[in-house]
1. Mind checking Rg over Rh on the range 258-323, alpha carbons, Kirkwood formula for Rh?
2. Cβ under 10 Å from residue 135's Cβ, residue 135 left aside: what net charge do those residues give with Lys, Arg +1 and Asp, Glu -1?
3. Assign one of three labels to the range 136-241, namely rounded, prolate or oblate, based on the Cα gyration tensor with a ≥ b ≥ c the square roots of its eigenvalues; rounded applies when a/c is under 1.5, prolate when it is not and a/b is larger than b/c, and oblate otherwise.
4. Determine ³J(HN,Hα), in whole Hz, for all residues of the range 239-244 in sequence, where each value follows from phi through the Karplus function 6.51 cos²θ - 1.76 cosθ + 1.60 and θ = phi - 60°; x replaces Gly and Pro.
5. Roughly speaking, what % of Cα-Cα pairs in the chain are separated by over 27 Å, rounded to a whole number?
6. Through the Karplus equation 6.51 cos²θ - 1.76 cosθ + 1.60, θ set to phi - 60°, convert the phi angles of the range 66-82 into ³J(HN,Hα) values in whole Hz; use x for Gly and Pro.
7. Sorted by packing (mean other beta-carbon atoms within 10 Å per residue), highest first, where do 385-398, 337-350 land?
8. If you find the alpha carbon centre of the range 248-263 and of the range 265-321, how far apart are they in angstrom?
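The values are calculated or read from the model by the stated rules, or taken from the named source; none is laboratory data. The structure displayed is predicted, hence computed values, not measured ones. Here the Cβ positions follow ideal geometry from the backbone for every residue, glycine too, while neighbour counts run over all protein chains shown. Just so you know, the surface numbers come from the protein's heavy atoms only, side chains and all, with ligands and any DNA or RNA stripped out. Shrake-Rupley method; radii C 1.70, N 1.55, O 1.52, S 1.80 Å.
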Amino acid sequence: KLRGVFTGWVQRTFQSTQAATASQNTCAAADDKATSPVPKDCLVCSYNEWDPLEEVIVGRAENACVPPFSVEVKANTYEKYWGFYQKFGGQSFPKDHLKKAIAEIEEMCNILKGEGVIVKRPDPIDWSVKYKTPDFESTGMYAAMPRDILLVVGNEIIEAPMAWRARFFEYRAYRRLIKDYFNSGAKWTTAPKPTMADELYDQNYPIHSVEDRHKLAAQGKFVTTEFEPCFDAADFIRAGRDIFVQRSQVTNYMGIEWMRRHLAPDYRVHIISFKDPNPMHIDATFNIIGPGLVLSNPDRPCHQIELFKKAGWTVIQPPVPLIPDDHPLWMSSKWLSMNVLMLDEKRVMVDANETSIQKMFEKLGISTIKVNIRHANSLGGGFHCWTCDIRRRGTLQSYLD
């Protein structure tokens with residue numbers, strides 16, 4: 001009997017040891033899989049705005065809705081359009097205009113493909129659906145401007161937290177794509193999502209005219225507070241190890257500091273500022289188009305421009321835009337003419353109607369790929385805004401040292 005008890009104990013102990021070993025082996029295999037190095041075929045890799053473009057996300061105008069006229073929207077739009085927002089907030093943008101914008105972007109995608117670029121698109125979503133959080137209610141806006149919400153730094157995709165309540169759930173249109181890129185080996189980071197509670201905004205921000213904005217911007221006063229981090233990705237522009245950002249109506253210092261800490265020590269984040277009455281997104285004010293080559297808006301001079309000149313950069317002032325005064329620009333200025341997309345150092349996608357800037361590029365030895373996106377401009381962006389470059393053929397370098 002004693003022999004039987006002992007034999008049973010040995011068998012149970014052996015089986016338990018086998019099970020534990022198998023479990024450890026399984027966990028080890030899982031750990032190896034989870035911590036494996038980034039595959040060589042990772043689809044995401046981009047360090048600047050001008051290396052040869054291989055893959056890009058292009059936004060969608062489908063189902064685009066006018067955002068509700070909240071305080072942060074008022075602070076970022078021109079007074080001539082406030083009545084438009086008050087009347088149509090939460091509803092579709094004019095259907096005929098949207099139809100033309102959709103056709104323009106489809107043609108833009110076809111041209112990009114013809115230039116050898118892989119084009120990806122976000123998912124269509126019904127942006128008119130109302131949503132509610134513990135802090136606010138809103139409807140959505142669109143997935144037209146991937147540059148606003150996604151920032152690619154090396155092999156990492158960073159989802160911006162955004163600052164408009166109407167854009168709180170905009171990331172949903174891109175999640176399918178981002179998961180695919182993650183599965184190919186990319187890093188995927190979502191910045192802290194703000195509550196967008198009333199405390200994030202100066203509810204009494206005193207804007208009545210462009211003159212008011214000049215005074216407030218000069219005093220460093222913005223509609224967003226420092227209650228919690230917020231930023232739009234389009235307030236950052238990349239030049240290898242150096243990334244430049246502005247404090248704007250949608251990007252606060254807490255958001256900039258989060259990015260600075262997150263990207264350190266491999267990247268340096270520099271704050272630059274401009275004489276701009278309505279700072280929202282940097283790429284129609286300061287657009288880096290090549291190594292040591294930058295377009296600087298003459299209407300919004302950079303306060304730190306000597307930093308770039310001392311580093312040997314060439315600073316170019318683009319010509320005055322040609323877009324007519326009667327063309328609706330509900331969320332932007334005419335300076336979308338300089339919001340161009342570089343396909344490489346010698347090719348640029350530019351508005352077919354902006355002949356002056358085309359001549360400027362030709363003098364620089366850069367050939368222009370002309371595309372008409374006037375109706376798409378009305379939704380708030382040029383070529384740089386409507387795209388997010390996922391992969392450019394190049395390496396990490398320093399251009400400021």
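1. On the way: Rg = 13.3 Å, Rh = 13.2 Å.
Here the Rg-to-Rh quotient is 1.00.
2. Residues close to residue 135 contribute a combined charge of -1.
3. prolate
4. Once rounded to whole Hz, the list reads 9, x, 5, 10, 10, 10.
5. Pairs farther apart than 27 Å: 51 percent.
6. Along the range 66-82, the couplings run 6, x, x, 7, 8, 4, 6, 6, 4, 6, 10, 10, 8, 4, 5, 9, 4 Hz.
7. Numbers: 385-398: 19.8, 337-350: 22.7.
The peptides rank, most packed first, as 337-350, 385-398.
8. With the range 248-263 and the range 265-321 each reduced to a Cα centre, they are spaced 18 Å.
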